[in-house]
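Each remark here refers to the structure printed beneath this line.
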């Protein structure tokens, strides 16, 4: 293949009279091969250059650019280009500053909004605190007045409660004495030999059952469902009164007949008194449960 020349290529700098030319030859495999030849200005071909095609083109372009830069008529153009580049850089810096300021302004606005919301919440909380403080002060005034009234009325209330307690005790004694006396009438009529004996026996039972009513109220207190306590109180009064009647009778002799006689009389007397006091206790318990009589104490 014949070499192809490029007439527009100029001589290489540094090599006088040398013009680069590109040629193609055929390789052993039949493929085209590229060569760069240096041709003298007179048309004489020099030895092939060791530079590759890309390197040769880059060298040519670099030389061309240097030549353009060295020209005086192009210097103002490049100065204006540099000035424009500097203005672009300054504009970019100013734009970055503006964006930064806008971001700061946005954050500041958000903080202001948050502070305003917090300020409104604080104002509402302060109003609620003032309202609560006023309510507390009002309550304290009412409490102070109430305590003063209570302290002034305390002695009077105590005296009234004592009077009421005495009245309830009198009611308990009356109920117990009436019921106990009525329960003892059959026995008194059976045992009495005269009106004087009957009256004396009835009077003793009346007084004993009245005392039993007062004692029963103070003993039971508010434990009105305690069966053992109620029956125990009644049995205690009955045993004491029955044994007292035996002691007032004929004296005990040291023989079996006297001992048996006193035992029988004691059992009969205790049984009679148990009937009387149990009747009184049942009546009092009924009055307690029907709220006709108040247990002791009334304040509980």
| field | Spacing of the two label points (7 Å from each Cα toward its C-beta) at residue 122 and residue 243, in nm | value | 8.6
| said: Cut-off is 10 Å between beta-carbons; in what order do 217, 222, 90 appear when sorted fewest neighbours first? | reply: 90, 222, 217
| query | So how much slack lies between residue 258 and residue 182, counting 0.36 nm per residue of separation and subtracting their Cα-Cα distance, in nm? | reply | 24.1 nm
| Order of 277, 286 under a 10 Å beta carbon neighbour criterion, fewest first | 286, 277
| Using a Förster distance of 25 Å, how high is the FRET efficiency between residue 227 and residue 290, based on the Cβ-Cβ distance and rounded to 0.05? | 0.90
| Can you sort 98, 178, 170 by how many other beta carbons sit within 10 Å, fewest first? | 98, 170, 178
| field | Pairwise label distance in nanometres, residue 130 with residue 111, each label 7 Å out on the Cα-Cβ vector | value | 3.0
| Regarding the range 161-291, what whole-number volume in Å³ per residue does the convex hull of its Cα atoms give? | 114
| query | At what distance in nm do the modelled label points of residue 203 and residue 84 sit from each other, each positioned 7 Å from its Cα along Cα→Cβ? | reply | 14.7
| Average Cα contact separation per residue, the range 195-300, under 8 Å, 6 or more apart, as relative contact order % | 38
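Throughout, read-outs are computed from the coordinates displayed, never taken from laboratory work. Just so you know, these numbers come straight off a predicted model, no measurement behind them. Glycine also receives a Cβ, built like all others from the backbone with ideal geometry; neighbour counts cover every protein chain displayed.
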